[in-house]
2 protein chains.
Amino acid sequence: MGEISSQALEGLRHKIDEVDQELLHLLRRRLDLVADVGAIKHKEGVPIYAPAREASMLAKRRAEAEAMGVPPQLVEDLLRRMMRESYVSEKDVGFKRIATDIGPVVIVGGAGKLGSLFAQLFTLSGYEVRILDKEDWGDAETLCAGAGAVVISVPIALTEAVIARLPPLPPECVLLDLTSVKQAPLAAMLKVHAGPVLGLHPMFGPDVSSLAKQVVVVCHGRQEQSYQWLLEQIRIWGARLHEAPAAEHDQAMQLVQAMRHFTAFVYGVHLKREHADLEQLLQFSSPIYRLELAMVGRLFAQDPALYADIIFAQPDALARARHYLARYQEALAMLERGDKAAFCAEFDEVAHWFGDFAEQFRSESANMLMVANDGRVG
Amino acid sequence: MGEISSQALEGLRHKIDEVDQELLHLLRRRLDLVADVGAIKHKEGVPIYAPAREASMLAKRRAEAEAMGVPPQLVEDLLRRMMRESYVSEKDVGFKRIATDIGPVVIVGGAGKLGSLFAQLFTLSGYEVRILDKEDWGDAETLCAGAGAVVISVPIALTEAVIARLPPLPPECVLLDLTSVKQAPLAAMLKVHAGPVLGLHPMFGPDVSSLAKQVVVVCHGRQEQSYQWLLEQIRIWGARLHEAPAAEHDQAMQLVQAMRHFTAFVYGVHLKREHADLEQLLQFSSPIYRLELAMVGRLFAQDPALYADIIFAQPDALARARHYLARYQEALAMLERGDKAAFCAEFDEVAHWFGDFAEQFRSESANMLMVANDGRVG
């Protein structure tokens, strides 16, 4: 490069660095303001996620950006990332306690990952939290005495047995579970407890930094009015509640969760048996290719028992897995015949069935792929 | 909410809005500076993606953030998003032309999506670009006269026939293709042209906003020295080149690209035949669940012929698809026996085989899932 150009480039880069340093100061100020907002929300019991405020704020900034010739999508993406941080810091301030007159919250399996997360959230909201884990069953009666709520957070395979083992609970105590199937645990809870019963499925892993925007599925059991405080408390933590009949929930989980885990498992086995060279595969990595591999590989960083539970516990998973096999064999026959026309015809039918969702999924995943590419290092 | 709290909250939100407006002004300034950088890079022929500069800049900002109590990851994510925009705007300035003494670049299939992207990049770099599409074969000889490079960008199924149909090319002309398989097209090109031959596989879709950080696989054909200018040109566009033998490339593509497309196709058929209610499934959407659906659904927003080509063109895809079937049947047998122990044992073996990659994939995908959640609307 010519010396003059080189100096000019250095000068410009220096100015960009100055802009970026100003950005740091802005972020510092913003985090302080957000902490103050968190303190007020905490005091007043306002949910940390305010969808309307968020949407109107984004719309205003997008319009201003447009007027200034700044790409609106850039501004929206940056603000969304900053808001994620706000939710995390608002969480640390603690939450308003909604039910001030109820007894302790007992978390059965509270030493597990999901149990710990809920123990932390209840504690941050000022409730007395008691943990009932494997080794505590000798004290179960004492721990549950006067309980305002008992939360079951144990592996699916143990849920029903653990529910059956509970000591008698106070009549007004809310009995609820966090299992990823809902029909069987709900039935088991309704059987052992005559008071309020509630089934929840938190649709996120225990490693989320906050509950903001996360979904919790709510399957009602008995005496809805008696656990409104608890649903309100979860809303304050930032989650969105989605009510559904337990059977509908379980069916949806089979179709996506259980079957996708199962096919990802088979894919992992396939890669191993084909002696795939992962290092080499990643060198060819396009964002989509890498994401495909990541969606398979991520499974194997986790607890096999958890996945075995999810796959084996779904009542109709086996039937669905057999249906999938039949479809795979059909498609393989097309491949064997070299029948591209049949493949394309079937493809078009499925595309028609997906309708507008196909395009929606394409554009959503395109955005994720851009983010994946942003993070790539040279 | 109490009136005083309500006023205080309003005041704080007003201040946050002011901070965000200052952010807009910073962005405007940054984009202007980046445009100036782009102009210099254009003049000097410096690649738009500068990995070392990017890494050292991020390290400095992270350290400064740390010292100010601002989360370093927040700063890194914001800067990466801003840099993506920079690459796009630098692209618009145009690129330095590396080979000043070569004839026109002829793009066979230049009216297609990928062909158009390359036509645009060559044009932005000051080359004379000629398009040879379906209806232009009558003028093929005229179009190829004096060509410096002929780029084949047609569907896989047509590649070899199109290559065979080319008129004789000038001896120093570079003949190259952009197909997603490499062995057969390379062999076909070596057969018809005695001069420099090169196989490329751009590992990205034609809808990328810039080539920054994208991978282009390079399979050498003949007379490497004669097409160094072209590789250098692609580097200036921002891409990373990955050299690989054609056979190794094709094998990797079968394992991931063809098989993942094929299983996603089967999954789409499965969802349709099981009468899945997509609207309802999305209401249960956790980020991972939604991403799993998106990775299937995105396929069906695209051209069936393109996917049929990719799947049917891979020489060993059929054998691999049969292997996968066998593994699926094995896993299904575990499910039928209710044999969780065998499932967990196999899972552990695969996890061991994935090694550190499993954790790497888990953490990469966790970050993507957070981004997916950022974009969720109430």
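Okay, here's what the table says:
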quantity	calculated
Among residues of segment B:350-359, those that are open to solvent by 70 Å² or more (accessible area, probe 1.4 Å) and more than 7 Å from chain A (Cβ to nearest Cβ), counted	2
Selected residue (only one of B:Q257, B:Q251 is closer than 30 Å to B:V216 by Cβ, more than 7 Å from chain A (Cβ to nearest Cβ), open to solvent by 20 Å² or more (accessible area, probe 1.4 Å) and not basic (K, R))	B:Q251
Which listed residue is in a helix (DSSP H, G or I), within 21 Å of A:V269 (Cα to Cα) and modelled with pLDDT of 90 or more, from A:L299, A:L306	A:L299
Filtered residue count, segment A:275-286, keeping only those that are at the interface with another protein chain (Cβ under 7 Å from one of its Cβ atoms) and open to solvent by less than 30 Å² (accessible area, probe 1.4 Å)	6
Subset tally (residues that are touching an Asp or Glu at 6+ places or on another chain (Cβ under 9 Å) and either facing chain B (nearest Cβ under 7 Å) or open to solvent by 90 Å² or more (accessible area, probe 1.4 Å) (or both)) for segment A:3-14	4
Whichever residue in segment A:287-298 is hydrophobic (A, V, I, L, M, F, W, C) and farther than 15 Å from B:E346 by Cβ and, among such residues, is most open to solvent (accessible area, probe 1.4 Å)	A:I288
Flag if A:L291 is within 20 Å of the chain's Cα centre (by Cα) and either within 13 Å of B:V256 (Cα to Cα) or not in a helix (DSSP H, G or I) (or both)	yes
Any chance A:R322 is at negative phi, open to solvent by 50 Å² or more (accessible area, probe 1.4 Å) and of a type outside the set (G, A, S)	yes
Residues (free of Cβ contacts under 8 Å to residues at least 60 places away in the same chain and in a helix (DSSP H, G or I)) located in segment A:165-183	A:R165
Options B:A301, B:A305, B:A321: the member that is touching a residue at least 60 places away in the same chain (Cβ under 8 Å), out of contact with any strand residue (DSSP E or B) (no Cβ under 8 Å at 6 or more places or on another chain), within 8 Å of chain A (Cβ to nearest Cβ) and closer than 18 Å to A:A351 by Cα	B:A305
Qualifying residue in segment B:220-240 (condition: open to solvent by less than 40 Å² (accessible area, probe 1.4 Å), assigned to a strand (DSSP E or B) and within 21 Å of B:G45 (Cα to Cα))	no
Residue in segment A:21-35 that is facing another protein chain (nearest Cβ under 9 Å) and either outside any helix (DSSP H, G or I) or polar (S, T, N, Q) (or both) present	yes
Residue within segment A:253-269 that is closer than 16 Å to B:I288 by Cα and part of a loop (DSSP other than H, G, I, E, B) present	no
Filter result (assigned to a helix (DSSP H, G or I) and either open to solvent by less than 30 Å² (accessible area, probe 1.4 Å) or more than 7 Å from chain A (Cβ to nearest Cβ) (or both)) within segment B:330-343	B:E330, B:A331, B:L332, B:A333, B:M334, B:L335, B:R337, B:A341, B:A342, B:F343
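The values are calculated or read from the model by the stated rules, or taken from the named source; none is laboratory data. As the structure is a computational prediction, the values presented were derived from the model and not from experiment. Here the Cβ is made from the backbone with ideal geometry for all residues, glycine too, and neighbour counts use every protein chain on show. Remember, those area values only see protein heavy atoms, side chains included, never the ligands or the DNA or RNA. Shrake-Rupley method; radii C 1.70, N 1.55, O 1.52, S 1.80 Å.
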